[in-house]
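Following: one structure in structure tokens, then a few remarks.
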């Protein structure tokens, strides 16, 4: 039987496939620390007390870019043009590009 992300007792199921393996690997402990902090946070803005844990996790992930690729927008190199995020075949052709 599939347990899901949160177990019946309220604990986090670190083996849930929905975590995509983030709980293991070189930054698994940092991920667990940040995710646990957020899950159990009682702050009015949930997780606002977890910034240090998330920063530590992000710093770890930046040391392993092949395992944890960042989105272009997060890297500051991306364009705000959503069209650039689409594969070429998904971009509608302009009238001048359509064949007759």
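The values are calculated or read from the model by the stated rules, or taken from the named source; none is laboratory data. Predicted model only: the values in this text are computed from it and were never measured. Note: ideal-geometry Cβ built from the backbone for every residue, glycine included; neighbour counts use all protein chains shown.
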Problem set entry | Criterion violated by residue 43 - all others in (1) out of contact with any helix residue (DSSP H, G or I) (no Cβ under 6 Å at 6 or more places or on another chain); (2) on the phi > 0 side of the Ramachandran plot satisfied | (2)
Seminar exercise, completed: Matching residues in the range 1-35 (buried (at least 16 other Cβ atoms within 10 Å of the Cβ) and in contact (Cβ under 8 Å) with a residue 40 or more places away in the chain) number 1
Exercise. Is there any pair linking a residue in the range 42-57 that is touching a residue at least 60 places away in the same chain (Cβ under 8 Å) to one that is loosely packed, with under 12 Cβ neighbours inside 10 Å and outside any loop (DSSP other than H, G, I, E, B), with Cβ under 8 Å and at least six apart or on different chains, and which?
Worked result: none
Problem set entry | Residues of the range 18-37 classified as over 14 Å from the mean Cα position of the chain (by Cα) and modelled with pLDDT of 95 or more, total | 5
For this session: Go through the residues of the range 62-78 one by one and say whether even a single one is part of a helix (DSSP H, G or I), under 28 Å from residue 3 (Cα atoms) and modelled with pLDDT of 95 or more.
Result: no
Problem set entry | Subset of the range 58-71 [surrounded by 15 or more Cβ atoms within 10 Å (Cβ to Cβ) and touching a residue at least 12 places away in the same chain (Cβ under 8 Å)] | 60, 61, 68
